[in-house]
Amino acid sequence: MKWWNVLAALAVLAGVADAEILMMSHDFSELQDPFWAMETDGKGTLIQWDLTDKGGGGAVWLNADGFHNNHLDREYIAHGYRYGMKRIPGAPVDDISEFITNDWIQHHRDGAVEFGGNDSRGMVEFYAERDISLDPGYLDITLRNDHEYAQWRVNGQLLYEHITGESSLKTFRYDLPEGTEDLRFDFSGSGTADGVIERIEYHQYGTTVPEPSIGDLIDLIGNGVGGLIGW
C-alpha cells in the first residue's frame, strides 16, 4: 500500500471524531428556559410536565383518563421538533371512558427521546420529526429497547425489528445516499413497549484525498522523527 493511501485511511478514521451529533429533541442541559409543548392537533390542552428544575427535560402524556381527556392520539411541537403518539386498543371500545392509559413521550435532559406505552391492551405508535438539510452520508443510530416487541423506522423505512424478548442497546447504520431535507423516527410496538433514541451521529460521505507531494512526505518524516526525539 502506498504511504499516501495509509494517510487517506488514517484521515478516514480521524473523520469519525468529526461526526455531527444530531438530536430529535432539545438538549436541555444547555437550555435555561423551562420545557414547553404546544398541541398541533386542535384537541385542546396537552398534559405536560416541565422537569428542567429536577435535572430533566420534560414529558407529555397521552393520558386517556375516562374524563375530559379522552383522545387516543395527540400531536404536538416542542422546541422546534414535531411529535405524535397513538394508542391502538386491542378491541373495539364502546365507551372511551372505559379505556384508561398513560402512554408518554419523555424528553431527557441530554436530548434523548423516550417513547413509552403503559397499558398491555393493544399497540402504541410514536414519532419524532424535524426539518434538517443533510448532504449524502450515513447515520449511526443508537437505540435502546426494553423486552417488549417493537419496530423502528427512519424516514418510512424499517430500520430494526426488536423481537428478542430481552432489553438491548444497539447501534445501526442508516444510509442517506441522496441526503435528506427532514428526519423522522417512527416507533411502534406492543402496549407496554419502551424505546429510546439515545444518540445519532451524521457522517458525510468522504471525499478523495489528493496524493501528497514530496514536500509533504519530507514534512511528515521530519515531524515523525522530531516527535520521537523530542524536537
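Derivation of every value follows stated rules applied to the coordinates shown; laboratory data play no part. Small disclaimer: the values here were computed from a predicted structure and weren't measured. Cβ sites come from the backbone with ideal geometry, for glycine too, and all protein chains shown count toward neighbours.
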Amide H within-cut-off set for Ala193, under 5 Å, with H built and near neighbours excluded: Gly117
Two pseudo-spin positions, 7 Å from Cα along C-beta at Glu161 and at Tyr149, lie apart in nanometres by 1.0
Per the 1/(1 + (r/R0)^6) rule, R0 = 25 Å and r from the Cβ atoms of Tyr138 and Ser29, FRET efficiency to 0.05 is 0.40
³J(HN,Hα) across the range 172-182 via Karplus (A = 6.51, B = -1.76, C = 1.60, θ = phi - 60°), whole Hz, x for Gly/Pro? 10, 9, 10, 8, 10, x, 10, x, 7, 10, 7
Whole-Hz ³J(HN,Hα) for each residue in the range 139-149, computed from phi via Karplus 6.51 cos²θ - 1.76 cosθ + 1.60 with θ = phi - 60°, x for glycine and proline: what do you get? 10, 9, 10, 9, 10, 10, 10, 7, 7, 7, 5
Expected vector for the range 151-168, Karplus 3J(HN,Hα) from phi with 6.51, -1.76, 1.60 and θ = phi - 60°, integer Hz, x for Gly and Pro, equals 10, 10, 10, 10, 6, x, 9, 5, 9, 7, 10, 9, 10, 6, x, 10, 5, 8
Simple spin-label estimate for Glu178 and Glu39 in nanometres, 7 Å along Cα-Cβ: 3.7
Spin-label model distance (nm) - Tyr205 vs Ile21, 7 Å beyond Cα toward Cβ: 2.8
How large, in Å, is the range 108-184 by the Kirkwood hydrodynamic radius built from its alpha-carbon pairs? 14.1
Name the residues whose placed amide hydrogens come within less than 5 Å of the amide hydrogen of Ile132, ignoring near sequence neighbours (fewer than 5 apart) on the same chain. Asp182, Leu183
